[in-house]
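The structure appears below as structure tokens.
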Amino acid sequence: MPRPDVIARHAELDARLVRAVRGIRLLGLASWPAAVQAGFLDAWRQGNARLPDVVYPRLDFADERAELQAIAVAADPDEPLGQYLRESAASWESAARLLESLGTPQACTESMALFGRPDQALPGEGPTTREAAGHFIQIAGELDHELLAPEEQVPVSATALALQLQGDLDEFFGSRVITVELDPELIAKAAAGATRIRLRAGAAFSDYDRRQLFHHEALVHSLTALNGRTQGRLPSLALASPRVTATQEGLATFAEQITGSIDIERMKRISLRIEAIALALEGADFLQVFRYFLAAGQNEAESFASAQRVFRGVPLTGGCAFTKDTVYLRGLIGVHTFFRRALQRDRLRLCRWLFAGKMTLADVVRFEPLFADGTLSPPRWLPPWLERASGLAGMLAFSLFANRIRMDRIDEGLLGRRPPRMDDAGAKQS
């Protein structure tokens, strides 16, 4: 256990960090006003397509960056709390530099430093993130959509979904802890904070969206923020530091997967964004990426929202991208692997502690003795799938064993040979 004076010193540094980063709102400051979408789509429909006109604020975080550097210098690199603070300060400093360079190629450079690239290998020296995205795009394209149940194809209004989701959350918490609101200015379909989830007013949602929002946004993003607020010695665990993005999005997507709340169209949307980021880095401009999403089957409004995610904060003329969306698949593989390894080593408690705040997988391992001795508090709330540890262990145990099956050695007689597909002209493809 660290000495009381060491804990107190790092708690004071953490409080300074929380104050220093208050104005560094990466996604909020880099995102576009809703009016940009309306203007672009009006011109598009009139046959006068042009790049959106986006004006970013001129920002100066010199004082905040100086404070973050001072915190990193004062933190002890040999202590778990010190390591966490040094890495967190560096992450926030990079986010500040990105915001100071909005609209320039430097913002792309900082984005890649924070979130990685689509050609980055997945954990375990696997395929690249882009190759994995290509796999899911192909599978989604080959899926027989007649397999979908009728209720999965009925659109749900934002108003109806807000009422349904609010009921789900009130039942989970036993009171009004998280409020669901409609936001006409939101370009994304949904956004989550600690005590508020916003839905884009006027958007149409699917049957799967309700479960995805509940398990992904509410019971991961909001829950880890709420649990982080209970950390008396490390309140920064309530903050969405850029360095925790891959673990947060991976954990949230894993929650969708383990609860059966993710569908192949959701995997396709995530994967299309990764491919679009790669195209932008290779030189595609906003219009070309917008057309890419249209060709992939998204409507005009969703195609704009998707392209906006790729180009927020960076030049629209090609060669740059905001690369945050590359973390979803990489984070999912990382979290899934972490959970399986925790089962192998009889340390599923680490998976529970991962919900005690917003942290990386490396953080929860280095914090293990701090949770054990009470320096850090266990999570107040846990999602149901994690509370039922035996069910989680059963799924992970099967996953571990199933990985030993060589699919390339399965007899084709099991399902027969794959039937030929038909192209758009009705001709058989080999």
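Rg and Dmax of the range 288-375, both derived from C-alpha coordinates alone, stand at 19.3, 55 Å. Bridgeable aspartates and glutamates around Lys358 (alpha carbons under 12 Å apart, same-chain partners fewer than 8 residues away excluded): Glu249.
Convex hull volume per residue, computed on the Cα atoms of the range 159-271, equals 114 Å³.
Ordering of 344-351, 30-37 by packing is 30-37, 344-351, highest average first (other Cβ atoms within 10 Å, averaged per residue).
Placing pseudo-labels 7 Å out from each Cα toward the beta carbon at Arg340 and Arg22 gives an inter-label distance of 4.5 nm. Cysteines of the chain lacking any other cysteine Cβ under 4.7 Å from their own Cβ: Cys351. Tell me which aspartates and glutamates have Cα within less than 15 Å of Lys268's Cα, excluding those fewer than 8 residues away on the same chain? Cross-link targets: Glu131, Glu142, Asp144, Asp209, Glu256, Glu302, Asp325. Note that the range 213-309, at 4 °C in a medium of 1.567 mPa s, gets a Stokes-Einstein diffusion coefficient of 85 µm²/s from its Kirkwood radius over C-alpha pairs.
For Asp207, the accessible surface of its heavy atoms amounts to roughly 60 Å² (probe 1.4 Å, protein chains only, rounded to the nearest 10).
Oblate is the label for the range 104-225, because the ratio a/c of its alpha-carbon gyration tensor axes (a ≥ b ≥ c) is 1.5 or higher and a/b is not greater than b/c. Judged by the mean number of other Cβ atoms found within 10 Å, the most tightly packed of the peptides 48-56, 323-331, 275-283, 196-204 leads the ranking 323-331, 275-283, 196-204, 48-56.
The accessible surface of the chain, taken with every protein chain in place and a 1.4 Å probe, is 52 percent carbon and sulfur.
Which shape class applies to the range 264-330: rounded if a/c is under 1.5, otherwise prolate when a/b exceeds b/c and oblate if not, where a ≥ b ≥ c are the square roots of the Cα gyration tensor eigenvalues? The shape class here is oblate. Shown here: the range 1-61, whose C-alpha atoms stretch 68, 25, 13 Å along the first, second and third principal axes, sorted largest to smallest.
Solvent exposure of the range 30-81 amounts to 59 Å² per residue of accessible area, where only protein heavy atoms count and the probe is 1.4 Å. Residue by residue, the range 362-373 carries 3J(HN,Hα) couplings of 5, 4, 5, 5, 5, 7, 3, x, 6, 6, 5, 9 Hz when phi is fed to the Karplus relation 6.51 cos²θ - 1.76 cosθ + 1.60 (θ = phi - 60°); x denotes Gly or Pro.
Surface listing: Arg366, Arg22, Arg117 arranged by accessible area from highest to lowest gives Arg22, Arg117, Arg366, probe 1.4 Å.
Dipole size of the chain about its Cα centre, with +1 on Lys/Arg Cβ and -1 on Asp/Glu Cβ: approximately 620 debye, rounded to the nearest 20. The antiparallel fraction among DSSP beta bridges confined to the chain stands at about 60%.
The values are calculated or read from the model by the stated rules, or taken from the named source; none is laboratory data. Predicted, not measured: the structure shown is a model, and the values here were computed from it. All Cβ positions, even for glycine, are placed from backbone atoms using ideal geometry, and neighbour counts span all protein chains on display. With ligands, DNA and RNA removed, areas are computed over all heavy atoms of the protein, side chains included. Shrake-Rupley method; radii C 1.70, N 1.55, O 1.52, S 1.80 Å.
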